[in-house]
Amino acid sequence: PNSYGSSSPKKERAYRFLTDIIWQIGNDAPDCSLPVLDRILADKRFDDFQMVAKNLRTTAMRGLALRDYTPPSPSEIIELLDQNAVLTVEGLRALLIEELQELQRAINGGEFDTVEMFYDGGKRVDENTASKRIAERLQLRLNALNMTVTIEHQLKDAKRCDITATTMLGGLRKLLVMEVKGQWHRELFTAAAAQLYERYSIHPDAEQQGIYLVLWFGDGEKIAEKYDAAISSPDDLKQKVVESVPTELRGLIDVFILDLDRK
């Protein structure tokens, strides 16, 4: 214990020692500190240290994400500015969000009734069909940037990710994972953490980042297998989904609601 308060009662000094020493966990490598912090957060005996543990865990997660980061070279920065090139996984993530926004604009006001690609015989398509049609559109647009879009990408332990975008950055392969869920899916509010992050974004080429894409077909559809009068618009749904994503993951995972309601 530090010298301050050394004359205090033994229990006070012991408590002060514990409140100080927990910060030392943050000095360890993220691979070592994260399991310890997870155990502390899961143990009710350490409720008094929840805020500190969460703070340290967020810092460790950031360190893990940046562990293999290499600053872009001057020539790469010039390429970024002149040709809008993608240099990082964050840039790849931003590019995919821009492409999804472009798809949304085409659905909202395009002259080719783009929304109809998500309906067959007047009825909405299922998740798999919608994912394939979204991936096909993304591939057509990203092919010119030497990026590959894959549907049902095979990952470790026979896991399959709905959509992935792959490119080469600085001679290394980089992968962006995208999980697609319809608003009706029972795991709507848990998939971002339980599937996208824990199963897919841990791929070493993904740098723990990803996009959670939710398909909105209107308030006539169920929300996570239930009718919910509190969610009547894409904005309502996005707010609810974002709230379900753990705080420490919100800087790593983007939530995008694709509005496919024909209204």
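The values are calculated or read from the model by the stated rules, or taken from the named source; none is laboratory data. These figures come from a predicted structure and were not determined experimentally. Glycine gets a Cβ as well: all are built from the backbone with ideal geometry, and neighbour counts include every protein chain shown. Surface accessibility is based on the protein's heavy atoms, side chains included, excluding ligands, DNA and RNA. Shrake-Rupley method; radii C 1.70, N 1.55, O 1.52, S 1.80 Å.
What the table below lists for this structure:
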read-out: Residues located in the range 15-57, provided they are more than 25 Å from GLY251 (Cβ to Cβ) and aromatic (Phe, Trp, Tyr); value: TYR15, PHE17
read-out: Condition met for ALA229 (crowded, with 19+ Cβ neighbours inside 10 Å and at pLDDT 80 or above); value: no
read-out: Search result, residues across the range 132-153 that are assigned to a helix (DSSP H, G or I), polar (S, T, N, Q) and either exposed (fewer than 15 other Cβ atoms within 10 Å of the Cβ) or in contact (Cβ under 8 Å) with a residue 24 or more places away in the chain (or both); value: ASN143
read-out: Yes/no for ASP236 being more than 11 Å from the chain's Cα centre (by Cα) and in a helix (DSSP H, G or I); value: yes
read-out: Members of the range 87-100 found to be free of Cβ contacts under 8 Å to residues at least 12 places away in the same chain and either open to solvent by 30 Å² or more (accessible area, probe 1.4 Å) or touching a Cys at 6+ places or on another chain (Cβ under 7 Å) (or both), listed by number; value: ALA94, GLU98
read-out: Long-range neighbours under 8 Å by Cβ, at least six apart or interchain, first residue open to solvent by less than 70 Å² (accessible area, probe 1.4 Å) within the range 28-47, second assigned to a loop (DSSP other than H, G, I, E, B); value: PRO30/ARG67; VAL36/ASP28
read-out: Search result, residues across the range 110-131 that are open to solvent by 30 Å² or more (accessible area, probe 1.4 Å), closer than 18 Å to LYS263 by Cβ and either part of a helix (DSSP H, G or I) or touching an Asp or Glu at 6+ places or on another chain (Cβ under 9 Å) (or both); value: GLU116, MET117, ARG124
read-out: Filtered residues of the range 161-220 (kept if assigned to a loop (DSSP other than H, G, I, E, B), open to solvent by less than 10 Å² (accessible area, probe 1.4 Å) and under 20 Å from ASN146 (Cα atoms)); value: ALA206
read-out: Qualifying residue in the range 181-191 (condition: over 26 Å from GLU221 (Cα atoms) and over 19 Å from the mean Cα position of the chain (by Cα)); value: no
read-out: Check on PHE256, among the aromatic types (Phe, Trp, Tyr), open to solvent by less than 50 Å² (accessible area, probe 1.4 Å) and either modelled with pLDDT of 85 or more or in a strand (DSSP E or B) (or both); value: yes
